[in-house]
Amino acid sequence: MSKKIRTEAVDYLFKAILSLENKEECYIFFEDICTINELLSLSQRFEVAKMLREQKTYLEIAEQTGASTATISRVNRSLNYGNDGYDMVFERIDKDEEQKDD
């Protein structure tokens, strides 16, 4: 049973996120819209994805992030069979960091 995520409500949420102008505004908005645990879970998944791309082992990732092997496996499945959203964002972050180093 797959849920349809492309809804007007999700579109409106993404519009709100895209209106944020800096990291401080992100903190303000996400602290209001998410519980602390939800935000920490999202950031943990993102960190897991980063470490998987760096070829870290499940054990290393679990020890460093506290993520369960189920979470690591879920993120790994998204990296391998998802929509390439993680890769898109990581490439942009890497590009931005390279430009700052120049």
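The values are calculated or read from the model by the stated rules, or taken from the named source; none is laboratory data. Every value quoted in this text rests on a predicted model; they were computed, and no experiment measured them. A quick note on method: Cβ atoms are made from the backbone with ideal geometry, for glycine too, and the neighbour counts reach across all protein chains shown. Each accessible area value is taken on the protein alone, full model and side chains, heavy atoms only, with ligands, DNA and RNA left out. Shrake-Rupley method; radii C 1.70, N 1.55, O 1.52, S 1.80 Å.
Table for the structure above
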read-out: Average accessible area per residue (Å²) across segment 1-79 - probe 1.4 Å, nucleic acids and ligands excluded; value: 82 Å²
read-out: Volume of the Cα convex hull of the chain, divided per residue and given in Å³; value: 145 Å³
read-out: Summed residue charge, Cβ within 12 Å of Ile17's Cβ, Lys/Arg positive, Asp/Glu negative; value: -2
read-out: All aspartates and glutamates inside 15 Å of Lys56 as judged from Cα atoms, apart from same-chain residues fewer than 8 positions distant; value: Glu47
read-out: Choice from Ile33, Ile72, Ile61 with maximal GNM fluctuation in the chain (Cα, 10 Å cutoff); value: Ile33
read-out: Over segment 1-58, volume per residue of the alpha carbon convex hull, in Å³; value: 145 Å³
read-out: Given charges at Cβ of Lys, Arg, Asp, Glu: the chain dipole, positive-most of Ile28, Gln55, Ile5; value: Ile5
read-out: Partner lysines for Lys3 [C-alpha distance under 22 Å; skip if fewer than 8 residues away on the same chain]; value: Lys15
read-out: Qualifying lysines (Cα of each under 25 Å from Cα of Lys50; at least 8 residues distant if same chain); value: Lys23, Lys95, Lys100
read-out: Dimensionless Rg ratio for segment 48-97, taking C-alpha atoms and the 2.2 N^0.38 Å reference; value: 1.15
read-out: Loop-located GluC sites (Glu not before Pro) in segment 43-102 whose Cβ has at most 16 other Cβ within 10 Å (DSSP); value: Glu54
